[in-house]
Structure formats: structure tokens, C-alpha cells
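Remarks on the structure that follows.
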Amino acid sequence: GAHVNWPWRAMTQEAILAVARERPRVAFLLWGLKAQKFAPMIDEARHLIIASEHPSPLSAHRGFFGSRPFSRANAWLAAHGEREIDWDLGK
């Protein structure tokens, strides 16, 4: 696509590092192999990593369906004294 030469990897890496540095507890949802390559830069002693297949129609049936990433993230956040995320975009 037209965005293939944009510095997405560097920008994503800096965003992950900034969020991980500034927030005491973050649930990172890494969907797909490209996203999961960022996992080593996340301190799992402080943060949660939920990795699964990408939710695209081509791959969601290989592990995304039924993985419950949103409820797992909220359960972990609540267990660590953090505010749960309202994932309802229909409001």
C-alpha cells in the first residue's frame, strides 16, 4: 500500500516504550506476528502481554476467536488496582 515506506515500526516502538515507561501497569494486546515482535521490549514484570492471531477475517479463526483479550485485560487491570477499560465503542 501507499504507507509501506512510512516509519511505522520505529513509531510503534517509541509509542510502546513511552506508554510502558509512563504507566505502572499496561495490558498490551499484540495481535499477529508483526505486533508480537514488539513483545521483548515490554517488561512483563510490570505489564501484561496478550498475544494472539490477528483478528482479520483471514486469520481470526486460528486463535483470535474465543481468546477473550478484552475481558482478560480488564481482569488483569482490576487485579492490579488499575481502572478497567470500557471497550464499548457503541456509546
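Among the residues of the stretch 64-90, which ones are surrounded by 10 or more Cβ atoms within 10 Å (Cβ to Cβ), more than 24 Å from residue 17 (Cβ to Cβ) and more than 15 Å from the chain's Cα centre (by Cα)?
65, 78, 79
State all residues of the stretch 37-50 that are more than 18 Å from residue 22 (Cα to Cα) and either assigned to a loop (DSSP other than H, G, I, E, B) or at pLDDT below 95 (or both); if no residue qualifies, say none.
37
Being at pLDDT below 95, closer than 21 Å to residue 76 by Cβ and assigned to a helix (DSSP H, G or I) is the filter here, so list the residues in the stretch 1-35 that pass it.
35
Quickly run through the stretch 51-63 and pick out the residues that are outside any strand (DSSP E or B) and of a type in the set (Ser, Thr, Tyr). It would help to see each step written out before you state the result.
Taking the stretch 51-63 and keeping what is outside any strand (DSSP E or B), we get 53-63.
Matches in the stretch 51-63: 56, 59.
Residues of the stretch 1-38 being over 19 Å from residue 83 (Cα atoms) and in contact with a Leu (Cβ under 6 Å, 6 or more places away or on another chain), which ones?
Of everything in the stretch 1-38, just one residue is over 19 Å from residue 83 (Cα atoms) and in contact with a Leu (Cβ under 6 Å, 6 or more places away or on another chain), namely 36.
State all residues of the stretch 48-91 that are in contact with an Asp or Glu (Cβ under 6 Å, 6 or more places away or on another chain) and not small (Gly, Ala, Ser); if no residue qualifies, say none.
62, 64, 74, 77, listed by residue number.
The values are calculated or read from the model by the stated rules, or taken from the named source; none is laboratory data. Bear in mind the structure is a predicted one, so any value in this text is a computation, not a measurement. Cβ coordinates were reconstructed from backbone atoms using ideal geometry, including for glycine residues, and neighbour counts include every protein chain displayed.
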